[in-house]
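Undergrad: Quick one: structure below, then a few questions.
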Amino acid sequence: MFQLKYTTYTHSEYNCGDEEIMANIRKQPYRIPEPLVPEELANLTHPCSNCGHVSQISWHLKQKFPKQPIAPDDGADLGCWVPVSFQVPCRGCGKEIAVDVPLKETKSNWTLYGDEAGRLNMSGPSGADKTHFFCMTLVGLHNRMHKRVQSQINKLKKKVRPHLDPANWHLHFTEIWDNKDINEYQLPTKASKIEFAKELARIIRSARSDFFILNVSSCVPLQTDKKTRAATMKKQKQDVFCFSLLSSLQQCRQRELGIRWVFDNIQDTTKGTKTEGWAEEVFLGLQYIPLFTYLSSGSTVLKPEFVKPGSHYLLEIADFISFCVARDFHLFTKGDKPEFSSSLLGNRFYQAFLRDGSIDFKWSRGLPIRKFYARR
């Protein structure tokens, strides 16, 4: 997995305000992402064809149009027209410069399944200091392993609900952990639930390098005012979601892989697939910035899909991983050790928002809590 560290820049530095509302699709609400840029791209420059001045590329300068794939009008399934350049102003003469994107092949396509988890944590005297931990896990698996891993998951589900077809119910680990009805799950004790979790972790660990597993997390302090607190948590969720898209896109395209995202939907999807409105606004905001076009490197990148929770077994795995990571952090703040920690998942790739707004990463057996979140 491509290892990187992101650096923050101010919006004013990149002149990436979103005050202008355009016609048609440009009238749709969108959210310009936080100005995070891979360090390897931060100082990339481009010469002006008019005056020769060499300008640093403004990765978050909002384009006049969102750069989106366009399907051909003839209806033939021949792929899409995709953006392969973007415009930035020359800082010498002011002329618009067209910057071409380095193109990469798409040798195969991966679908990444995502789910989230959050925990409200209280520390300090009488629990006066409140923070909110939130994480997003993306999971993909090589085609050669799908049948094996799905079969293992179904067998495990069959053990705890032997009278139900595993395909007819969805594994949400929070429900299993909090459930006290012995008749619903054949897990009568806390010890049996812990063993179930460890078996699930063993399935994930056994597939090792065939899995793509990325976890992005954040911990933010909360104010006492309820409205301010809600706004803080909303922005935290959007930032983690946005970065999980950017990071997974970069890592897949580095390996010449196409990417598709599928997330659990908290809305009612009984009458069909729905997309979280805020997520569409975040994704449209990404399509306005040069960084997203550059990282796409000539591939067709469509907006994420939102489906019924747990409707794919990899969503069940993403749910479990996020549960483990969030619970690790929550118990850490209380000074307790988890009965089954994220370390049981094996060596995985973790990224986190630091206090200064930058992103750090680490390959680790379990969430590297002290590296990311220890007080400094």
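Undergrad: Those residues that are out of contact with any Leu (no Cβ under 6 Å at 6 or more places or on another chain), over 18 Å from Pro102 (Cα atoms) and either of a type in the set (D, E, K, R) or free of Cβ contacts under 8 Å to residues at least 24 places away in the same chain (or both), I need them from segment 251-269; list them, please.
TA: Arg260, Asp268
Undergrad: Still on this structure: Just to be sure before I move on: is Val220 of a type in the set (Val, Ile, Thr) and within 23 Å of Lys308 (Cβ to Cβ) in the structure I sent? Let's see the steps before the verdict.
TA: On the way: of a type in the set (Val, Ile, Thr): yes; within 23 Å of Lys308 (Cβ to Cβ): no.
The answer is no for Val220.
Undergrad: State whether one or more residues within segment 264-272 are within 22 Å of the chain's Cα centre (by Cα) and among the hydrophobic types (A, V, I, L, M, F, W, C).
TA: So in segment 264-272, the residues within 22 Å of the chain's Cα centre (by Cα) come out as 264-269.
Within this subset, residues satisfying the condition of being among the hydrophobic types (A, V, I, L, M, F, W, C) are 266.
Yes; the residues of segment 264-272 include at least one that is within 22 Å of the chain's Cα centre (by Cα) and among the hydrophobic types (A, V, I, L, M, F, W, C).
Undergrad: Okay, next question. Which residue is surrounded by the fewest Cβ atoms within 10 Å (Cβ to Cβ), if the candidates are limited to segment 177-208 and must be among the β-branched types (Val, Ile, Thr) and at pLDDT below 95? Write out each step before concluding.
TA: In the first step, residues of segment 177-208 are kept if they are among the β-branched types (Val, Ile, Thr); the result is 182, 189, 194, 203-204.
Still in the running and at pLDDT below 95: 182, 189.
Values: Ile182: 11, Thr189: 9.
Within segment 177-208, the match that is surrounded by the fewest Cβ atoms within 10 Å (Cβ to Cβ) is Thr189.
Undergrad: Looking at segment 152-189, which of its residues are free of Cβ contacts under 8 Å to residues at least 24 places away in the same chain and charged (D, E, K, R)?
TA: Matches in segment 152-189: Lys155, Lys157, Lys158, Asp165, Glu175, Asp178, Lys180, Asp181, Glu184.
Undergrad: How many residues are polar (S, T, N, Q) and under 21 Å from the mean Cα position of the chain (by Cα) if we restrict to segment 187-242? Give the derivation first.
TA: Going residue by residue through segment 187-242, those that are polar (S, T, N, Q) are 189, 192, 206, 209, 215, 217-218, 223-224, 228, 232, 236, 238.
So of that shortlist, the ones also under 21 Å from the mean Cα position of the chain (by Cα) come out as 209, 215, 217-218, 232, 236, 238.
Residues flagged as polar (S, T, N, Q) and under 21 Å from the mean Cα position of the chain (by Cα) within segment 187-242 amount to 7.
Undergrad: Residues to consider are Lys362, Lys371; find the one that is over 30 Å from Ile57 (Cα atoms), of a type in the set (Lys, Arg) and either surrounded by fewer than 19 Cβ atoms within 10 Å (Cβ to Cβ) or not assigned by TED's automatic domain parsing to the domain that holds Lys64 (or both).
TA: Numbers: Lys362 fails: over 30 Å from Ile57 (Cα atoms).
None of the other options fit; the residue is Lys371.
Undergrad: Assigned by TED's automatic domain parsing to the domain that holds Leu315 and in contact with a Leu (Cβ under 6 Å, 6 or more places away or on another chain): does that describe Gly140?
TA: Details: assigned by TED's automatic domain parsing to the domain that holds Leu315: yes; in contact with a Leu (Cβ under 6 Å, 6 or more places away or on another chain): yes.
So Gly140 fits the description; yes.
Undergrad: Evaluate segment 134-145: report whether one residue or more is of a type in the set (A, V, I, L, M), in contact with a Gly (Cβ under 7 Å, 6 or more places away or on another chain) and either at pLDDT below 95 or within 23 Å of Ser364 (Cα to Cα) (or both). Explain how you work it out, then say what you get.
TA: Step one: of segment 134-145, the residues of a type in the set (A, V, I, L, M) are 136, 138-139, 141, 145.
Add one more test, that the residue is in contact with a Gly (Cβ under 7 Å, 6 or more places away or on another chain), and what stays is 136, 138.
Add one more test, that the residue is either at pLDDT below 95 or within 23 Å of Ser364 (Cα to Cα) (or both), and what stays is 136, 138.
Checked against the condition, which is being of a type in the set (A, V, I, L, M), in contact with a Gly (Cβ under 7 Å, 6 or more places away or on another chain) and either at pLDDT below 95 or within 23 Å of Ser364 (Cα to Cα) (or both), segment 134-145 yields at least one hit.
Undergrad: Further question: Tally time: how many residues in segment 46-68 are in a loop (DSSP other than H, G, I, E, B), more than 19 Å from Tyr288 (Cβ to Cβ) and polar (S, T, N, Q)?
TA: Going residue by residue through segment 46-68, those that are in a loop (DSSP other than H, G, I, E, B) are 48-53, 57-68.
Then keep just the ones that are more than 19 Å from Tyr288 (Cβ to Cβ); that gives 48-53.
Next, from what is left, pick out any that are polar (S, T, N, Q): 49-50.
Number of matching residues: 2.
Here is a yes/no grid of residues against (1) in a strand (DSSP E or B); (2) modelled with pLDDT under 95:
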residue	(1), (2)
Phe329	no, no
Thr333	no, yes
Ser343	no, no
Gln351	yes, no
Arg355	no, yes
Ser364	yes, no
Leu367	no, no
Arg376	no, yes
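Undergrad: Inspect all residues belonging to segment 131-142 and state whether any of them is part of a helix (DSSP H, G or I) and either in contact with a Lys or Arg (Cβ under 8 Å, 6 or more places away or on another chain) or farther than 30 Å from Leu257 by Cα (or both).
TA: no
Undergrad: Same structure again: Of all residues in segment 77-96, how many are part of a loop (DSSP other than H, G, I, E, B) and either at negative phi or hydrophobic (A, V, I, L, M, F, W, C) (or both)? Show your work before the answer.
TA: So in segment 77-96, the residues part of a loop (DSSP other than H, G, I, E, B) come out as 77-80, 82-84, 90-95.
Keeping just the survivors that are either at negative phi or hydrophobic (A, V, I, L, M, F, W, C) (or both) gives 77-78, 80, 82-84, 90-93, 95.
Going through segment 77-96 one residue at a time, the tally reaches 11.
Undergrad: If a residue has to be out of contact with any His (no Cβ under 6 Å at 6 or more places or on another chain) and either at pLDDT below 90 or surrounded by 14 or more Cβ atoms within 10 Å (Cβ to Cβ) (or both) to count, how many in segment 98-112 make the cut?
TA: From segment 98-112, those out of contact with any His (no Cβ under 6 Å at 6 or more places or on another chain) are 98, 100-112; that's our starting set.
Then keep just the ones that are either at pLDDT below 90 or surrounded by 14 or more Cβ atoms within 10 Å (Cβ to Cβ) (or both); that gives 101, 104, 106, 110-112.
Qualifying residue count, segment 98-112: 6.
Undergrad: Taking Ile259, is it in the same structural domain as Asn121 (by TED's automatic domain parsing), crowded, with 16+ Cβ neighbours inside 10 Å, of a type in the set (A, V, I, L, M) and in a strand (DSSP E or B)?
TA: Values: in the same structural domain as Asn121 (by TED's automatic domain parsing): yes; crowded, with 16+ Cβ neighbours inside 10 Å: yes; of a type in the set (A, V, I, L, M): yes; in a strand (DSSP E or B): yes.
Here the answer is yes, as Ile259 does meet what is asked.
Undergrad: Do the conditions hold for Ser151, that is, is it outside any strand (DSSP E or B) and modelled with pLDDT under 95?
TA: Numbers: outside any strand (DSSP E or B): yes; modelled with pLDDT under 95: no.
No, not satisfied.
Undergrad: What are the residue pairs meeting all of these: first residue in segment 237-250, first residue without any contact (Cβ under 8 Å) to a residue 24 or more places away in the chain and outside any helix (DSSP H, G or I), second residue aromatic (Phe, Trp, Tyr) and surrounded by fewer than 21 Cβ atoms within 10 Å (Cβ to Cβ), Cβ atoms under 7 Å, and 6 or more apart or on different chains?
TA: As it stands, the answer is none, since no pair meets every condition given.
The values are calculated or read from the model by the stated rules, or taken from the named source; none is laboratory data. Keep in mind the model is a prediction, meaning the values are calculated, not measured. Quick reminder, even Gly has a Cβ in these numbers, built from the backbone with ideal geometry, and neighbours come from all protein chains shown.
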